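S.K.: Quick one: the structure is below, questions incoming.
The values are calculated or read from the model by the stated rules, or taken from the named source; none is laboratory data. Since we're looking at a predicted model, the values are computed, not measured. Here Cβ is always computed from backbone atoms with ideal geometry, including for glycine, and neighbour counts include all displayed protein chains.
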Amino acid sequence: MTQFRVNGEKLFLPAVIGAGVCVVVVSLYGLAIQPVDQRWFILAGLTVLSGSATLRLPGTNVSFSISDSFTMAAALLFGPAAGTITVAIDGLVISMRLAAGRPLPMRRVLYNVTAPPLAMWCAAHVFLVLAGSDGVANARQSIGHLVAPLLVFAGVFFTLNTGLVAVAIACEQRVRALHIWREHFRGLWLTYFGGAVVAAQLIVLVQERNAGLFVLVLLAPIPLIIYSTFKHAVGRMEDRVGHLDQMNGMYLSTIETLAQAIDAKDQVTHGHIRRVQQYAIKLAHALGITDASELRALEAASLLHDVGKLAVPEHILNKPSTLTPLEFDKMKRHADVGADMLSSISFPYPVVPIVRHHHESWDWSGYPAGLAGEAIPIGARILSVVDCFDAMTSDRPYRPRVSHHEAIRLLQARSGTMYDPRIVEKLVEIRETIVAVTDGPDVSDALTDITRTAQGETRRAVTPFHDLETLATLFDLGFAGGRAANPAEAVSNVQPILQRLMPADIIAVYVHSPEADNLVATFVAGAHAAQIAGTTIPLGQRLTGWVGANRQAIVNSDAALDLGNLTLQLEPTPQTCLSAPICADGDLLGVVTIYSTRRQPFTDGHDPIVEVLAAGLARLLRPQRHSRPLQPPPRRPVDYALNNRVH
C-alpha cells in the first residue's frame, strides 16, 4: 500500500482525511450490522504480516508494501466494507512501524490511515456496480464475467491511491502533480494489477473448489514473489539514482570550479555571483516557476553568467573609469564567449541559452542576438534584473553603490525597455524578503547617503594649502625628497612626512621595464613593504598598469585592484589607493601608488602632491635607467583579482 510521508497542503490533507474518516466509520458500521465471513480475518492477518515488507522509492518520501494483494482480495471477496477496513488496518500498521524509527506527526498518521481506505472504498463500489454482487465469495458468476470489472477495479484503486499521494506531494513542493505521478508512481501499476490477479485466483478457488482457510494461507507466497521482484527492481533504481547523484555532483563541481575561476579574477566583487544566484532562485519561485530543469539551469547560469569575462583583456575588465566604445564592444563579447565555452559541457539542463542572452533587452536593444520580449529565455530575463540590482547596490572602483530604493527606482525606469515589466514588478514586491537588511531599509539607505555626502564634502576640499601646519609639512616633504640620493632613500624619507597630509600608509614605486613591458614594485616604504616589494604588474593591467599605460592619475580607487588576494593576507588590509604615472621626456619610467589601510579616503586635493612627488622621482629614476638596469627585489607573482564589471 502506498504511504504518504510529507506534510502536504493545509487544505488538501484535511479534506482527504475527513472523507477517509467518513468511509471508515461507514464501513465499521456495515461490518457491525452484518458480520463478515471468518475467512476475512485470515486476509486481515496476512495484511498485518505483509505490512513489514515495505519498500521505499529512491529519492522520495514514499513507501509501498505488498499488502495490496490481500487488501484487494478482501474487498473483492467480502465487499467494500471489509476491503476498506483491511486497508485502514494496513495503514495503521505501517504508520506504527515508521513511527518506531522516528515519531510521526499525527496528521501524517491520520492521512496514512484514511486516504488509502478512501481510494479502496471508491474502487470497491465501482467493482460492485460492474459485477452486480456484494462480494463474490458466495456468488456463482463465471470468472469470465468478472475479468473486466476486476481490471477496472485495479485501475481505479491504483489511480486514486497513487493520485492522492501525488497531489499531496505536489501541493507541498509546489510542483505539478502529473510530473510527480509519472516520475515516482507510474511504475507501481504491477503491484496493483498483480494483487488483482491474486484476487482472481482466490475467486476461482472459492467458487470452484469451495476453498477453506488453509487455501488462503497457501496463496501467501505469491505476494512475497512480487515483493522480491520489486525489491530487486528498486535496488536497480537506487543504483541509477546514485549514479545520477554522482553525475549531478560532477556537474556541480564543474560549475563551482568555473565560478571559482571567476572569483579568482574578481575579488573586488567577490560574492556578487553568489548573491545573484540566491536572488535569482528566490525570484523564480516567486514568479511561479516550478520546472526542476529550469530552476537547475538558472541556478547554474547564475554562477556562470560572467565566465566569458575570462577572455576579456584585463586592462578593459579592470579599467576604473568609463569604457570607450571600442572597449565596450570587446566587453560585450563575454556573453557569446561564455556561452560557447559552456557549450562543450553536456549540461542536463538549458544553461547555455541563459548565459548567452542574459544581456538581451525587452525592447530589442540588448546583445548579443537582439532578442526581445518573450523570445528571451525566462531565466535570462530573471538573471538580467537581479544581476543589475546587485551590481547597482554594490561598491565598484569606478563608482559608489546606490541605495536599494534608488536601485529599484532605476529598475522601474528601465522596465519595459531593458527589463521584463513582470519580473521587475515581482522583484519590487519581494525585495525585502530576498535582500538581507540589518536595520531596515531606511537605515541602510540613510547610511549610504551619509557616506556619499561625507565623501563629497571631503573631495570638495580643493587644496590642502590652507594653514601654516600644512605649509610646514610641504616644506619638510620637499626638503626630504630633495636631499635623497636615490629613489629608495626618497621613498623612505617621504613616506612618514606624507602621512601628515594623507593616509599614505604605504608608498610603492613600480618601475617600468621596457623589455618585459611590466611594472615591478622596486621601492616600497611603510606598512607591509616586505610583502608588497617585488609585486609585478603587466603594463595595461590592474590599476597601476592602467595608470602607466594611459599616463593618467587615479584617485581613491580600490587597493584590491593592484594587490588582489594579497590584500587578504595583510593586516591591516589596504583599502584604497592613489596612483600617478612617473614620466620624463615622454617616456614612462614607472608609477607611484600610495595605499591607505584606513577608511579615510584620498581626495582630489591629494592628487597634485603625488604628481609633484612623481616628478621628483622621475629625476632620480631617469639616470638609473640610462646608466644600468635596475635590480629589483626577486619578482613574486601575486594571485591578482579583477573588477568583474556588470554593464
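S.K.: Scan the stretch 339-396 residue by residue and report those that are acidic (D, E) and touching a Phe, Trp or Tyr at 6+ places or on another chain (Cβ under 9 Å).
M.R.: Residues satisfying the conditions are E360, D387, D390.
S.K.: Then there is this: Answer yes or no as to whether L543 is part of a strand (DSSP E or B) and either within 16 Å of V491 (Cβ to Cβ) or not assigned by TED's automatic domain parsing to the domain that holds I316 (or both).
M.R.: When the stated conditions are applied, L543 does not pass them.
S.K.: Could you please let me know if E571 is modelled with pLDDT of 85 or more, of a type outside the set (F, W, Y), under 24 Å from S394 (Cα atoms) and not assigned by TED's automatic domain parsing to the domain that holds T322?
M.R.: Yes, satisfied.
S.K.: Exactly one condition in (1) crowded, with 22+ Cβ neighbours inside 10 Å; (2) assigned to a loop (DSSP other than H, G, I, E, B) is false for V355; which is it?
M.R.: Checking V355 against (1) crowded, with 22+ Cβ neighbours inside 10 Å; (2) assigned to a loop (DSSP other than H, G, I, E, B), the one that fails is (2).
S.K.: Take the residues in the stretch 358-371 that are among the aromatic types (F, W, Y) and under 20 Å from L298 (Cα atoms), then tell me which one is surrounded by the most Cβ atoms within 10 Å (Cβ to Cβ).
M.R.: Checking each candidate, the answer is W362.
S.K.: Might you let me know whether the stretch 573-589 holds any residue that is assigned to a loop (DSSP other than H, G, I, E, B) and over 43 Å from the mean Cα position of the chain (by Cα)?
M.R.: Yes, the stretch 573-589 contains a residue that is assigned to a loop (DSSP other than H, G, I, E, B) and over 43 Å from the mean Cα position of the chain (by Cα).
S.K.: Another one. Does any residue in the stretch 410-425 that is touching a residue at least 24 places away in the same chain (Cβ under 8 Å) and closer than 19 Å to G379 by Cβ come within less than 6 Å, Cβ to Cβ, of a residue that is among the charged types (D, E, K, R) and surrounded by 15 or more Cβ atoms within 10 Å (Cβ to Cβ) six or more places away or on a different chain, and which pairs are these?
M.R.: Close Cβ pairs satisfying both conditions: D420/R381; I423/R381.
S.K.: Answer yes or no as to whether P397 is in contact with a strand residue (DSSP E or B) (Cβ under 6 Å, 6 or more places away or on another chain), assigned by TED's automatic domain parsing to the domain that holds K309 and at pLDDT below 90.
M.R.: Judged against the criteria, P397 is a match.
S.K.: For the stretch 549-562, state whether one or more residues are assigned to a strand (DSSP E or B), in the same structural domain as Q600 (by TED's automatic domain parsing), over 14 Å from V591 (Cβ atoms) and of a type in the set (A, V, I, L, M, F, W, C).
M.R.: Taking every residue of the stretch 549-562 in turn, none turns out to be assigned to a strand (DSSP E or B), in the same structural domain as Q600 (by TED's automatic domain parsing), over 14 Å from V591 (Cβ atoms) and of a type in the set (A, V, I, L, M, F, W, C).
S.K.: Continuing with the same structure: Does G590 satisfy the condition of being of a type in the set (G, A, S) and surrounded by fewer than 23 Cβ atoms within 10 Å (Cβ to Cβ)? Write out each step before concluding.
M.R.: Numbers: of a type in the set (G, A, S): yes; surrounded by fewer than 23 Cβ atoms within 10 Å (Cβ to Cβ): no.
So G590 fails the test.
S.K.: May I ask you to say which residue of K309, K319 is modelled with pLDDT under 85, part of a loop (DSSP other than H, G, I, E, B) and of a type in the set (D, E, K, R)?
M.R.: K319
S.K.: Of the residues in the stretch 372-392, how many are surrounded by fewer than 19 Cβ atoms within 10 Å (Cβ to Cβ) and not in a helix (DSSP H, G or I)?
M.R.: Of the residues in that region, 1 qualify.
Conditions (1) surrounded by fewer than 18 Cβ atoms within 10 Å (Cβ to Cβ); (2) of a type in the set (S, T, N, Q); (3) part of a helix (DSSP H, G or I), marked per residue:
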site: T290; (1), (2), (3): yes, yes, no
site: S293; (1), (2), (3): yes, yes, yes
site: E299; (1), (2), (3): no, no, yes
site: L303; (1), (2), (3): no, no, yes
site: E327; (1), (2), (3): yes, no, yes
site: P348; (1), (2), (3): yes, no, no
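S.K.: Which one is farthest from V610 (Cα to Cα) among residues in the stretch 514-525 that are without any contact (Cβ under 8 Å) to a residue 40 or more places away in the chain and not aliphatic (A, V, I, L, M)?
M.R.: For the stretch 514-525, the residue satisfying everything is E515.
S.K.: Please specify each residue of the stretch 476-494 satisfying the condition of being at pLDDT 85 or above and either over 18 Å from R619 (Cα atoms) or outside the structural domain of R551 (by TED's automatic domain parsing) (or both).
M.R.: Correct list: empty.
S.K.: While we're looking at this one, here's another question. Every residue in the stretch 142-155 that is touching a helix residue (DSSP H, G or I) at 6+ places or on another chain (Cβ under 7 Å) and either at pLDDT below 80 or surrounded by 20 or more Cβ atoms within 10 Å (Cβ to Cβ) (or both), please.
M.R.: Correct list: I143, L146, P149, L150, F153, A154.
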